[in-house]
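Right, one structure below, let's go through it.
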Amino acid sequence: MDIGLFLDRDGTINEEVDYLSSPHQVQLIPRAAEAIREANRLGLKVIVISNQSGIARGMFTEEDLAIVNSAIYRLLEQQDAHIDALYYCPHYPGGTTPPYNTECDCRKPKIGMLRRAQEELRIDLSKSFVIGDKISDIQTGNNAGSASILVLTGYGKNQADLVREQNVAVEYIARDLYDAVQHIKSLINRKSLSLS
Ligand SMILES: [Mg+2]
Ligand SMILES: [Zn+2]
């Protein structure tokens, strides 16, 4: 069983742009590629989990999303950083566009995307990490029995206040994705986390 590094996309890997829908808007967060490359080297499975309710809201299509994702992959690959898998939730009950405007089991903080990774990639959720810039990312990790890390990029700074106010358990608050991966690396070095 592998350890998963479940990464939110917007505000965690690439700069937050509301309802990012064009490859021209894609910009990586500083040191994000370096962080992912390091996670690859540590043998962690890097899995993107992304809520994309813009599809249910009729703002862009799954095809548009695929083009944006390819642009992100391309920028990462240029720096030798590799994503092992990507899951997204296109749903939103209040949306306008069938068949996406419905309840589902994958919209974070629900854990449907992690369950799929658990089965398809043989991931041990109890040893895995969920990293994101929103309280819903933190809750996703907690709901899955994984460790949650909040990054202060994207919406992270104001979400940190919410995490505190609502007393949501969080393993670590990181400056950015790179800092988060350094934290995990130190857990591995201190043998608080075993890779096998
Ligand atoms: Mg985000
Ligand atoms: Zn969904």
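Here are some notes:
- For the peptides 147-156, 162-171, the ranking by packing is 147-156, 162-171, with the highest mean count of neighbouring Cβ atoms within 10 Å listed first.
- Highest mean packing first, where packing is the average number of other Cβ atoms within 10 Å per residue, the peptides 20-27, 65-72 line up as 65-72, 20-27.
- Helical content of the chain, expressed as a calculated mean residue ellipticity at 222 nm, amounts to -11000 deg cm²/dmol (DSSP H runs of 4 or more residues, -39,500 (n - 2.57) each, divided by residue number, nearest 500).
- Under the Karplus curve 6.51 cos²θ - 1.76 cosθ + 1.60, θ = phi - 60°, whole-Hz ³J(HN,Hα) for the stretch 134-140, x wherever Gly or Pro sits: 10, 4, 5, 5, 5, 5, 4
- The coefficient of translational diffusion for the stretch 110-196, derived via Stokes-Einstein from the alpha carbon Kirkwood radius under 10 °C and 1.306 mPa s, stands at 120 µm²/s.
- For the chain, with +1 on Lys and Arg beta carbons and -1 on Asp and Glu, the positive-most of Asn40, Asn101, Gly11 along the dipole: Asn40
- Asp105/Asp80 FRET efficiency (R0 22 Å; Cβ-Cβ; nearest 0.05): 0.05
- Amide H partners (placed H, <5 Å) of Ala174, local residues excluded: Leu150, Val151, Leu152
- Cα-based convex hull, the chain, per residue volume (Å³, whole number): 108 Å³
- Percent accessible area from carbon and sulfur atoms, the chain, protein chains only, probe 1.4 Å: 47 percent
- HN-Hα J in Hz across the stretch 35-42 - Karplus 6.51, -1.76, 1.60, θ = phi - 60°, x for Gly and Pro: 4, 5, 4, 5, 4, 4, 5, 6
- Accessible surface calculations at 1.4 Å, restricted to protein heavy atoms, place the chain at 47 Å² per residue.
- Inverse mean reciprocal Cα-Cα distance (Kirkwood Rh) of the stretch 1-111, Å: 14.5 Å
- Here the 3J(HN,Hα) profile of the stretch 88-104, calculated from phi with Karplus coefficients 6.51, -1.76 and 1.60 at θ = phi - 60°, is 9, 10, x, 8, 6, x, x, x, 10, 10, x, x, 8, 7, 8, 5, 8 Hz, Gly and Pro shown as x.
- For the stretch 1-111, a crude dipole built from +1 on the beta carbon of Lys and Arg and -1 on the beta carbon of Asp and Glu, taken about the Cα centre, is about 160 debye to the nearest 20.
The values are calculated or read from the model by the stated rules, or taken from the named source; none is laboratory data. Keep in mind the model is a prediction, meaning the values are calculated, not measured. Cβ atoms come from the backbone with ideal geometry, glycine included; neighbour counts cover every protein chain shown. Accessible surface areas use protein heavy atoms only, side chains included; no ligands, DNA or RNA. Shrake-Rupley method; radii C 1.70, N 1.55, O 1.52, S 1.80 Å.
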